[in-house]
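Read through the structure below, which is laid out as structure tokens, and then see the notes.
The values are calculated or read from the model by the stated rules, or taken from the named source; none is laboratory data. Please read these numbers as outputs of a predicted model, since none were measured by experiment. Virtual Cβ from ideal backbone geometry, glycine too; neighbours counted across all protein chains shown.
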């Protein structure tokens, strides 16, 4: 799964700046991307303490098949269901069936048998179904059904349950309850939210699908199913597997029959209902792909999801296992509670994945699309047996983002993403260090963090580097084949690698998966001219009582007289000295030359060494490190020339960094730098670089007379237009009102936010309704960003406008489906505490918030 807390990166939420569009990154990165995809659903704000032991669930009965007949009461937001479960005792004889069924009204439970008799008159064997009413006990979470007698594992049983599921009326406050998890969600159920589609969708991970159908809601259970979904004929449905029938009921309703014929875990079952445009295409092997979007994005569906066929072919090839399922569909829904979810054959994405073709110029959703697709091998085909083994699902999906980027966009792009993931994990590690595989934890939702995602992906990258590509992908192929349609734990993965490599890899899996923390290395470099040697003193500075002394196989590159020599080394002591021959003082030493280590390395370098590294190291990460060290040091012509050279680097991130280094620059060779940056603003093929160039030029002073900013308003990139617009309007030129009016109804929310920035600066009362109208139509991430702009507007507005905004902000802070929108509205209310009653409103909002993430965020701010 990807969530707003993962595709999407974890950082500390310690401040909220009401500043918009001050850098290119701010212009394109919404608040949710500061949290972890499939990305991460829950965030812990402090060092985790050990919880109870969490074993895999003991399976007394094995659910083989589930047949559901479902209808929906939109007014009451109820599910009217009949479930027929086919099961048998797992091993030992059983006389009871225990199911997870949260918040149901149970209407009747029957055991279904077949009476077999011989009719002597017709000489035929007749089979007649019979139903016996069964006794049961039910506490609105666990349903215990008394069977007729004890049955053995050789007997197959059938139980029918008639029920009403009430996802909005679930019992709360129970152990392991998560107050926002409902399993099934009605969106705009009464249709009163004008402009918002009516939808139903489900989200089962971790154990929420038992809020809408009875099951054994555990990842180590697997079953097949048939779902019969009855809806208004104007709606489309989507579920797992193939639609094998659809019947018009003659009363304005239709029943669609979806069949999942290959077994999967209960949390992966799904359905969605609504008005969707559907685009279909067929792969050469006959696999059907479909993309469900809101009708206004029908023409853009292939631009959004169109690389999916190539992704499936790529992953099938690199994993060594063909895509194992009957179809693959992707659907975008409103108000989704995660970034995306990998339901088998039918991934759900949040609404932000929808974008018009022009928006996609600035970036696509390939990372999250690849992430959820990869889960169909790692997670869906082979499933972690218990939530403490979640990295077997999420680490592979996370690393698959790297694999796809490496294949499709090149290693530089993949390594840039890799660096972001490393930073994400390190940011979380400041507050939380736990083992990757956790047998002890407080809450299964705690597993969805940057350890399971970002750290796990980086561990797999190290493992790949250590064993080599051939061994790495062969081991994955064997792992997938051996455990297909079953479950696994971390030792199964280790054994797969050991069988391929012939090496005992317990040391690797123990230090990276079973221990917490990461290596913190200090490298001290010395050169002895007398001995003609360079000496590296390596210290592992991490708390070795809390974690371990790591064994670290890595490579060291040493340049002497401009000639590079690479050495293989193994660091395995807390203090260790390495010596290498060097006739002269080295030009440069790069420790961990492949930049593959998950950890931190403190290896001081001089300015000259950093310059040498930029020009001579071949990898993006080495160039990035050198440029980072040289940031803000344009005091000499050598460094300035390096930055100007970097503006023509083949990789866009290097060019962007070089451009940004000249922000507010007014030193020597200014004219040459300005011309180079203007060139980047006009001709660079990457919109991020063009936007950065405009921001840098804007930092030089008044922009109102520079024609470049006006030219940029016609750029093909929405990002560039939004940055140029913001930079141009900030000087309030004579035509500012006309320019703002030209763009105020743009279909792109970043451009609308730029106009909003200008309107906030002049704080005209007649713009109030415009702010509300625009904010109401935005998706959650853009709405959060726009709330910041709205806050700037309110600060400068008359008290009458401020008072009018309070009910609007209060409603958002209490009722928005997106926790970060609630948080943003709460923060804007914090700007209005001089108004009587606002402080009390905010206090009440805090005390009634149920979302654990947001409660934790309030506590970090010292306000809860």
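Count of the stretch 353-393 residues, restricted to those that are assigned to a helix (DSSP H, G or I), surrounded by 21 or more Cβ atoms within 10 Å (Cβ to Cβ) and within 15 Å of the chain's Cα centre (by Cα), is 11.
Could you tell me whether any residue of the stretch 407-422 is outside any helix (DSSP H, G or I) and either more than 19 Å from residue 206 (Cα to Cα) or touching a helix residue (DSSP H, G or I) at 6+ places or on another chain (Cβ under 9 Å) (or both)?
Yes, the stretch 407-422 contains at least one residue that is outside any helix (DSSP H, G or I) and either more than 19 Å from residue 206 (Cα to Cα) or touching a helix residue (DSSP H, G or I) at 6+ places or on another chain (Cβ under 9 Å) (or both).
Consider residue 344 carefully, then state whether it is in contact with a helix residue (DSSP H, G or I) (Cβ under 7 Å, 6 or more places away or on another chain), closer than 19 Å to residue 484 by Cβ and either in a loop (DSSP other than H, G, I, E, B) or at pLDDT below 95 (or both). Judged against the criteria, residue 344 is a match. The sole residue among 338, 346 that is touching a strand residue (DSSP E or B) at 6+ places or on another chain (Cβ under 6 Å), within 29 Å of residue 263 (Cα to Cα) and buried (at least 22 other Cβ atoms within 10 Å of the Cβ) is 346. Just wondering, is there one or more residues in the stretch 686-693 that are touching a helix residue (DSSP H, G or I) at 6+ places or on another chain (Cβ under 9 Å) and part of a loop (DSSP other than H, G, I, E, B)? Yes: one or more hits. Residue 280 fulfils the conditions (1) more than 25 Å from residue 189 (Cβ to Cβ); (2) in contact with a helix residue (DSSP H, G or I) (Cβ under 9 Å, 6 or more places away or on another chain); (3) not in a loop (DSSP other than H, G, I, E, B) except for a single criterion, (2).
Just to be sure before I move on: is residue 578 in a loop (DSSP other than H, G, I, E, B) and either modelled with pLDDT of 95 or more or farther than 19 Å from residue 532 by Cβ (or both) in the structure I sent? No; evaluated as a whole, the condition is false for this residue. In this structure, does residue 794 turn out to be at pLDDT 95 or above, crowded, with 21+ Cβ neighbours inside 10 Å and part of a helix (DSSP H, G or I)? Judged against the criteria, residue 794 is a match.
Considering only the stretch 702-741, state which residues are more than 21 Å from residue 762 (Cβ to Cβ) and either at pLDDT 95 or above or in a helix (DSSP H, G or I) (or both). Matches in the stretch 702-741: 707, 708, 711, 712, 714, 715, 716, 717, 718, 719, 720. Only a single item in (1) over 29 Å from residue 354 (Cβ atoms); (2) buried (at least 17 other Cβ atoms within 10 Å of the Cβ) is not met by residue 803, and it is number (2). For the residues 42, 117, the requirement of being at pLDDT below 70 and under 30 Å from residue 360 (Cα atoms) singles out 42.
Kindly provide the set of residues from the stretch 264-286 that are more than 17 Å from residue 80 (Cα to Cα) and surrounded by 17 or more Cβ atoms within 10 Å (Cβ to Cβ), ordered by number.
If the condition is that a residue be more than 17 Å from residue 80 (Cα to Cα) and surrounded by 17 or more Cβ atoms within 10 Å (Cβ to Cβ), then 264, 265, 266, 267, 268, 269, 274, 276, 279 are the ones that fit.
Taking the numbered list (1) assigned to a strand (DSSP E or B); (2) over 27 Å from residue 463 (Cα atoms) in turn, residue 556 passes all entries but (2). Listed here are the strands (runs of 3 or more DSSP E) enclosed by the stretch 446-552 that have at least 3 residues being surrounded by fewer than 19 Cβ atoms within 10 Å (Cβ to Cβ): 520-528, 533-540.
Among the candidates 602, 666, 636, the residue that is closer than 30 Å to residue 515 by Cα, out of contact with any helix residue (DSSP H, G or I) (no Cβ under 7 Å at 6 or more places or on another chain), outside the structural domain of residue 460 (by TED's automatic domain parsing) and surrounded by fewer than 20 Cβ atoms within 10 Å (Cβ to Cβ) is uniquely 602.
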